[in-house]
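One structure is given below, encoded as structure tokens.
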Amino acid sequence: MTKYVALFRGINVGGKNILPMKELRELLAGLGCENVATYIQSGNAVFTSASNGADLSASIAGAVKDRFGFEPQVLVLAADRFREVAAANPYQDVESDAKFVHVFFLAEAPGSPNLEALGELKSPSEEFEFKDGAFYLHAPDGIARSKLAAQAERYLGATTTARNLRTVLKILDLLDQ
């Protein structure tokens, strides 16, 4: 059995794509996942499974579509990979609130990310780094105002889902339980 983190994209946003966490836990258990735990309503789950991550991603997305009528993007990472990405975050010790540090998890390896274009979008207060298949952003003015955050996926050339540092730390806590 392998421990995994599932990161859902675009659920429970603006009254669309509602996926109650209790029902998500039941759905995951129905797919053979064990020790299922979720964190907040935006779709973060930790569980163990004998399946591989790619199969789980497709199975979970399909099961959500069958039961709830929409198919979310679901990025499933082995716990070790999630920990590696979290540990590599260069902005972990930023003195500002953890909600201003974001980790963009990539669903696939990017072909040729255009970091120069991202640098041109960056505001004077922002910092970013792309390494080890993850994109890290410190946006002290907020992610909603960040042109860089809005275009990150496009210029990285890969599908992403982002979590703020506070959420990443809570997911790490769930992995350790």
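The values are calculated or read from the model by the stated rules, or taken from the named source; none is laboratory data. Since this is a predicted model, take the numbers as computed values, not measurements. Because the Cβ atoms are built from the backbone with ideal geometry, glycine has one as well, and the counts that use them run over all protein chains shown. Only protein heavy atoms, including side chains, enter the accessible area calculation; ligands, DNA and RNA are left aside. Shrake-Rupley method; radii C 1.70, N 1.55, O 1.52, S 1.80 Å.
Among the candidates Asn12, Asn52, the residue that is exposed (fewer than 14 other Cβ atoms within 10 Å of the Cβ) and closer than 21 Å to Ala107 by Cβ is uniquely Asn52.
Among the residues of the stretch 100-123, those that are under 15 Å from Leu169 (Cβ atoms) and under 14 Å from the mean Cα position of the chain (by Cα) comprise Val101, His102, Val103, Phe105. Scanning the stretch 73-81 turns up at least one residue that is crowded, with 17+ Cβ neighbours inside 10 Å, assigned to a helix (DSSP H, G or I) and charged (D, E, K, R). Scanning the stretch 83-110 for residues that are part of a helix (DSSP H, G or I) and either under 11 Å from Gly133 (Cα atoms) or open to solvent by 20 Å² or more (accessible area, probe 1.4 Å) (or both) yields Arg83, Glu84, Val85, Ala87, Ala98, Lys99, Phe100. Restricting attention to the stretch 124-177, the residues that are surrounded by fewer than 15 Cβ atoms within 10 Å (Cβ to Cβ), assigned to a loop (DSSP other than H, G, I, E, B) and among the acidic types (Asp, Glu) total 2.
Every condition in (1) open to solvent by less than 50 Å² (accessible area, probe 1.4 Å); (2) on the phi > 0 side of the Ramachandran plot holds for Ala6 except the one numbered (2).
Just one of (1) open to solvent by 10 Å² or more (accessible area, probe 1.4 Å); (2) outside any strand (DSSP E or B); (3) touching a residue at least 24 places away in the same chain (Cβ under 8 Å) trips up Glu26, so point out which. Looking at each condition in turn, Glu26 falls short on (3).
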